[in-house]
Number of protein chains: 2
Amino acid sequence: MTTTLAPPAKPWSPAEFEARLRAVGQDRYHDRHPFNLRMHQGDLTPDEVRCWITNRFHYQRHIPVKDALILAKLDSSRLRRMWLRRIEDHDGRDEGEGGIERWLRLGEAAGLDRRTLLSGESVLPGVRLAVEGYVNFCRLRSPLEAVAASLTELTAPDLMRLRIEAFERHYPWIAADGLGYFRTRVDQGRRDSAEALDLVLRWARSREEQESAVAALSFKCEVLWALLDAVQQHAVRQRTVPQRAGHDGPRERV
Amino acid sequence: MTTTLAPPAKPWSPAEFEARLRAVGQDRYHDRHPFNLRMHQGDLTPDEVRCWITNRFHYQRHIPVKDALILAKLDSSRLRRMWLRRIEDHDGRDEGEGGIERWLRLGEAAGLDRRTLLSGESVLPGVRLAVEGYVNFCRLRSPLEAVAASLTELTAPDLMRLRIEAFERHYPWIAADGLGYFRTRVDQGRRDSAEALDLVLRWARSREEQESAVAALSFKCEVLWALLDAVQQHAVRQRTVPQRAGHDGPRERV
């Protein structure tokens, strides 16, 4: 049992708090991951691009799930209306619209079958675990932490712009209209991150709450990093290990 | 340990399954609750009507929360789009719209202050427990059970029509435009229950699943019944126990 307690640390000013959140994005966002660097430098083989699309799709299709779990934590119609739009962005207002559909079209433009993508059968175990970890974080943590974890959107729009350029230059075998997802996310990401940053700055009053928000954003960066680690490891394995049909290490089917 | 197992029971036919679900609504829906009968017979005092509005509002404001938890369990954009509309029905597409707003206007038409309703301070402990029980049911149970619990909507539209007539006849001191919530729910409830019934009939294939759906709907009827029990008990207490200012039994503030 602690008998003497240090006085609680003073909260950071809003400016310092925001700077610390942005610093997490700058230091730990997955744009620095070796696999992403290779992707943007044009060094991926078509199979590696397809492996990334397949595995990232597993993340994409869970975005509305984690957003619905965040929605359930919001205690006013005004806040829920704001957050609900994110679910619409990914699921679409009508059939054939939305970010998940656009991702499926990216897959098709890269030569992947929509049914294979939807079956989830080629998703790597590490990717499943990373996505499940993120969904459960949004399920179990405070509204502040769940919303703060979404602040990778502060850094995402710049990455999307670079990615569109990189894909147009290095992977011209993917038809340009397959890149619709990235184009849409530039503006959506800016709006989403501005809204979420505003909530996080207002909700986190104590130093403890501010630190929990920074930790949540770090965690989210780790999720995205772990996803690329799994894809990268798979790529290395494909090159170095003699292939046996139908076997590619343990594979979890959920 | 069981050493001999009975063979699994044969699933009910779709028609029998649907009939069993509808029977739960007919037998156990809260339209038969003594408090509801008194309400529709015009026997409630203005204070009793206001107490019911205040406590039922606690239920109403949690509908989008339980629907967001159900949304998070649905695994396709098509299903989520369908269910998301329920959240919009209650939260509104824009400020000043939606079922929660309409319920607040019912409260105002009955002389209740919007801020008091939103504060939740007059909500009875039994009502809090019933609502929390329902939200947690939707959080923790299978998609089938969570959707089946919503099937009280099979019976709700008829109740809404009776309620509009009863309020117009017996409680003319409540302005007619305060009844907008009930009017809107006649059509919304019909559409919602048709959609949910279709899902439940398709999802529940084994007898065990069918029985879990029937049990979920029974549970939901118990939630609504318990809510009225708490309101009824409070009304009895108000009449029989000498009133002490500021004390009305234990009150939980969440």
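The values are calculated or read from the model by the stated rules, or taken from the named source; none is laboratory data. All figures in this text were calculated on a predicted structure; none of them were measured in a lab. Note: ideal-geometry Cβ built from the backbone for every residue, glycine included; neighbour counts use all protein chains shown. Heads up: the accessible areas ignore ligands, DNA and RNA and are worked out on the full protein's heavy atoms, side chains in. Shrake-Rupley method; radii C 1.70, N 1.55, O 1.52, S 1.80 Å.
Summary of values
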| item | result |
| --- | --- |
| Ranked packing of B:142-155, A:131-144, most packed first, by mean Cβ within 10 Å | B:142-155, A:131-144 |
| Interface area, A with B, accessible, probe 1.4 Å, both sides summed, Å² nearest 100 | 1800 |
| Radius 13 Å from Cβ of B:GLU108, net charge of other residues (Lys, Arg +1; Asp, Glu -1) | +2 |
| Surrounding net charge for B:VAL65, when Lys and Arg each add one and Asp and Glu each subtract one, Cβ distance under 10 Å | +3 |
| Simple spin-label estimate for A:LEU140 and B:ALA175 in nanometres, 7 Å along Cα-Cβ | 5.0 |
| Charge context of A:VAL214, other residues only, Cβ under 15 angstrom, K/R +1, D/E -1 | -1 |
| Principal-axis tilt of helix B:207-240 within chain B, Cα atoms, nearest 10 degrees | 10 |
| Å² per residue, accessible surface of the protein assembly as shown at 1.4 Å | 48 |
| Shape parameters for the protein assembly as shown, alpha-carbon atoms, Rg then Dmax in Å | 26.4, 86 |
| Column: log10 I(q)/I(0), Debye, Cα scatterers of the range A:69-145, q = 0.18, 0.23 Å⁻¹ | -0.95, -1.12 |
| Convex hull of Cα atoms in chain A, direction-averaged projection (nm²) | 16.4 |
| Shielded by partner chains, the range B:79-96 residues - at least 10 Å² of accessible area, 1.4 Å probe, vs chain alone | B:ARG80, B:ARG81, B:LEU84, B:ILE87, B:GLU88, B:ASP91, B:GLY92, B:ARG93, B:GLU95 |
| Whole-Å semi-axes of the range A:107-254's equivalent ellipsoid (Cα gyration tensor) | 32, 22, 13 |
| 30 Å Cα-Cα reach of A:LYS220 towards lysines, excluding residues that sit fewer than 8 places from it in its own chain | A:LYS10, A:LYS66, A:LYS73, B:LYS66, B:LYS73 |
| Angle in degrees between helix B:77-91 and the longest Cα principal axis of chain B, rounded to the nearest 10 | 10 |
| For the range B:18-92 and the range A:91-148, distance of Cα centres in Å | 32 |
| Angle between chain A longest axis and helix A:99-109 axis [Cα atoms, degrees, rounded to 10] | 20 |
| Per-residue SASA entry for B:LEU224, accessible area with 1.4 Å probe, Å² rounded to 10 | 10 |
| Carbon/sulfur fraction of accessible area - chain A, other protein chains in place, 1.4 Å, % | 52 |
